[in-house]
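**Q** Below is the structure I would like to discuss, written out as C-alpha cells.
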Amino acid sequence: MNAKIKNTTVTINLDCIYERDMDLMLMRKLSYDAAFLSELFLSQIGLEKCSIDAMSISHSVFTEDGETDIEVILTLENVRRVALLIEDKIDAQAMDQQSGRYKIRGDKAVKDGRYDEYHVFIVAPQQYLDTNAEASKYPHKISYETIRKHLTDSFEKAVIDKALEGYGGVKLARNQQVTAFWDKVYDFVDENYNGVFKIDGERGLPRSGLPGQWITIRCNNKFEINIKSDRGYADLEIKNYTDQFETFCKDNKSLIDEEKLFIRTASKSLAIRKYIAPIDFTMPFETQEEALRIAFDAAKELQNLIHQIKVK
C-alpha cells in the first residue's frame, strides 16, 4: 500500500537557480501544457488556434552562428513546420548582436529546409526586458512574471520564484558574500597558478550576488579565456573570428581530433571549449575549491593550446 499525502501545503526550498534550470523547466512546461504554449507563445504570432501534429524541443542548439537556448519545432497539419527560437535570461549580460544572430540562424535553417518559418522570443524578468538594450531588439518578449501567472505546479513556481528572487533584492544582500568569495579566488590563483595567468579585474571590486560569475583571463590581444562558472565550461575565445569557423576546423582538424576539442561560436568570437564542474559563488569557498581547481587546470590547458592552433 502506498503512502498517502493529505491535502496540505508542500514547501519547496531551492538554494539557487541557474539559467539552465529555467531552460529545462520551460522545456518541460512547453512539452505538456498546450494552454501555456498557446497563450504565451503562439498567441503572439497568430497561431493560438492551430492544430499541432508533432513537436520537438531541443536544448542549447549550437551552430557556427551561435547558440539557441531552446528550440521548439512544431509540425502543423502534417506539413508546415514552425520553429520557436527562445533566448532565456535571468541576469546574464547580453552578448553583442545576440538577437541578430538568432535571425541569422533562423534564416539559414529555413534555407536548409529544417523548418518553413521561425519566430524569435526572449524570456526574462520584466526589469531585464525593460532596461536591457539588447533585449529590446527581440521581436517577441515574455516576462518571468507573466510566466509565473500561468504556472500551477508547485515545483515550477518555486523555480521561477527563486530565479526572480536572485534578480531582485536577495541579490543585493549577497553582494558582500560573493565579493569575499572573489577575493579568495584571487588568493587561490596567486597561490596555485602564480606566473601562469592573471585574472582580469581588480581585487575587492563589488560583485553582483548571482551564483554564476564569469572569470576572465586575458592572454593577448587575440585570445582570452572565460570560465563560465554557472554554465560548467571554460572557453578559449578567439576574437573576431566567428566567420572563420569552417576554415578554423579544417586547419586544426588533427589537433581538434587529438585533443577532443569542442568548437563553438559566441558573439564575435570563436571558442574552444572544455567542460568543467559548475561553481557557485554564493556557497562557502571551501565547498567550491575543488571545482575551482578543475576550472583553472582547464584554463591552463586551453592557454597551452594558443601556441598550437593555427589562426590567420
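The values are calculated or read from the model by the stated rules, or taken from the named source; none is laboratory data. Predicted, not measured: the structure shown is a model, and the values here were computed from it. Neighbour counts are summed over all protein chains in view; Cβ atoms, including those assigned to glycine, are modelled from backbone coordinates with ideal geometry.
**Q** I'm told GLN127 meets every condition in (1) within 17 Å of LEU164 (Cα to Cα); (2) crowded, with 20+ Cβ neighbours inside 10 Å except one. Can you identify the failing condition by its number?
**A** (2)
**Q** So which of ILE238, ILE263, ILE215 is at pLDDT 90 or above, of a type outside the set (S, T, N, Q), closer than 25 Å to THR63 by Cα and not in a helix (DSSP H, G or I)? Walk me through it before giving the result.
**A** Details: ILE238 fails: at pLDDT 90 or above; ILE263 fails: at pLDDT 90 or above.
None of the others qualify; the one that does is ILE215.
**Q** Scanning the range 249-287 for residues that are of a type in the set (S, T, N, Q) and exposed (fewer than 15 other Cβ atoms within 10 Å of the Cβ), which turns out farthest from the chain's Cα centre (by Cα)?
**A** At the first step, the residues of the range 249-287 found to be of a type in the set (S, T, N, Q) are 252, 254, 265, 267, 269, 282, 287.
Then keep just the ones that are exposed (fewer than 15 other Cβ atoms within 10 Å of the Cβ); that gives 254, 287.
Values: SER254: 29, THR287: 23 Å.
Within the range 249-287, the match that is farthest from the chain's Cα centre (by Cα) is SER254.
**Q** Right, next: Output yes when any residue across the range 41-61 is touching a Leu at 6+ places or on another chain (Cβ under 8 Å), of a type in the set (S, T, N, Q) and free of Cβ contacts under 8 Å to residues at least 60 places away in the same chain, and no when none is.
**A** Here is the first cut: in the range 41-61, the ones touching a Leu at 6+ places or on another chain (Cβ under 8 Å) are 41, 47-48, 50-55, 57, 59.
Within this subset, residues satisfying the condition of being of a type in the set (S, T, N, Q) are 51.
With the extra rule that they be free of Cβ contacts under 8 Å to residues at least 60 places away in the same chain, the set shrinks to 51.
Among the residues of the range 41-61, at least one is touching a Leu at 6+ places or on another chain (Cβ under 8 Å), of a type in the set (S, T, N, Q) and free of Cβ contacts under 8 Å to residues at least 60 places away in the same chain, which makes the answer yes.
**Q** Further question: Taking ALA109 as the residue in question, decide whether it is out of contact with any helix residue (DSSP H, G or I) (no Cβ under 9 Å at 6 or more places or on another chain), of a type in the set (A, V, I, L, M, F, W, C) and farther than 19 Å from ARG264 by Cβ. Reasoning before the result, please.
**A** Working: out of contact with any helix residue (DSSP H, G or I) (no Cβ under 9 Å at 6 or more places or on another chain): yes; of a type in the set (A, V, I, L, M, F, W, C): yes; farther than 19 Å from ARG264 by Cβ: no.
Against the criterion (out of contact with any helix residue (DSSP H, G or I) (no Cβ under 9 Å at 6 or more places or on another chain), of a type in the set (A, V, I, L, M, F, W, C) and farther than 19 Å from ARG264 by Cβ), ALA109 does not qualify.
**Q** Moving on to the next point. Of the residues that sit in the range 181-202 and are of a type in the set (A, V, I, L, M, F, W, C) and assigned to a loop (DSSP other than H, G, I, E, B), which one is farthest from the chain's Cα centre (by Cα)? Break it down into steps so the answer makes sense when it comes.
**A** Taking the range 181-202 as the starting set, the residues that turn out to be of a type in the set (A, V, I, L, M, F, W, C) are 181-182, 185, 188-189, 196-197, 199.
Within this subset, residues satisfying the condition of being assigned to a loop (DSSP other than H, G, I, E, B) are 196-197.
Details: VAL196: 28, PHE197: 26 Å.
Going through the qualifying residues, I end up with VAL196.
**Q** Now for a separate question. Would you check which residues across the range 140-158 are in a loop (DSSP other than H, G, I, E, B) and either in contact with a Leu (Cβ under 7 Å, 6 or more places away or on another chain) or among the small types (Gly, Ala, Ser) (or both) and list them? Reasoning before the result, please.
**A** So in the range 140-158, the residues in a loop (DSSP other than H, G, I, E, B) come out as 150-153.
Selection gives HIS150 alone.
**Q** State yes or no: is ARG28 more than 19 Å from TYR138 (Cβ to Cβ) and either of a type in the set (Gly, Ala, Ser) or within 26 Å of the chain's Cα centre (by Cα) (or both)?
**A** Working: more than 19 Å from TYR138 (Cβ to Cβ): yes; either of a type in the set (Gly, Ala, Ser) or within 26 Å of the chain's Cα centre (by Cα) (or both): yes.
Criteria met by ARG28.
**Q** Go through the residues of the range 279-296 one by one and say whether even a single one is in a helix (DSSP H, G or I) and among the basic types (Lys, Arg). Even if it seems obvious, please write down each step before you answer.
**A** Of all residues in the range 279-296, those in a helix (DSSP H, G or I) come to 285-296.
When the remaining residues are screened for being among the basic types (Lys, Arg), the result is 293.
Looking through the range 279-296, at least one residue is in a helix (DSSP H, G or I) and among the basic types (Lys, Arg).
**Q** Related question: Being of a type in the set (Asp, Glu) and farther than 14 Å from ARG114 by Cα is the filter; apply it to the range 57-79 and report the residue that is modelled with the lowest pLDDT.
**A** Step one: filter the range 57-79 for residues of a type in the set (Asp, Glu), giving 64-65, 67, 69, 71, 77.
Pick out the ones that are also farther than 14 Å from ARG114 by Cα and you get 64-65, 67, 69, 77.
Numbers: GLU64: 77, ASP65: 81, GLU67: 87, ASP69: 93, GLU77: 83.
Only one residue fits best here, namely GLU64.
**Q** For the range 5-25, give me each residue that is modelled with pLDDT of 70 or more, farther than 9 Å from ALA163 by Cα and either assigned to a loop (DSSP other than H, G, I, E, B) or in contact with a Cys (Cβ under 7 Å, 6 or more places away or on another chain) (or both).
**A** Those that are modelled with pLDDT of 70 or more, farther than 9 Å from ALA163 by Cα and either assigned to a loop (DSSP other than H, G, I, E, B) or in contact with a Cys (Cβ under 7 Å, 6 or more places away or on another chain) (or both): VAL10, THR11, ILE12, ASN13, LEU14, ASP15.
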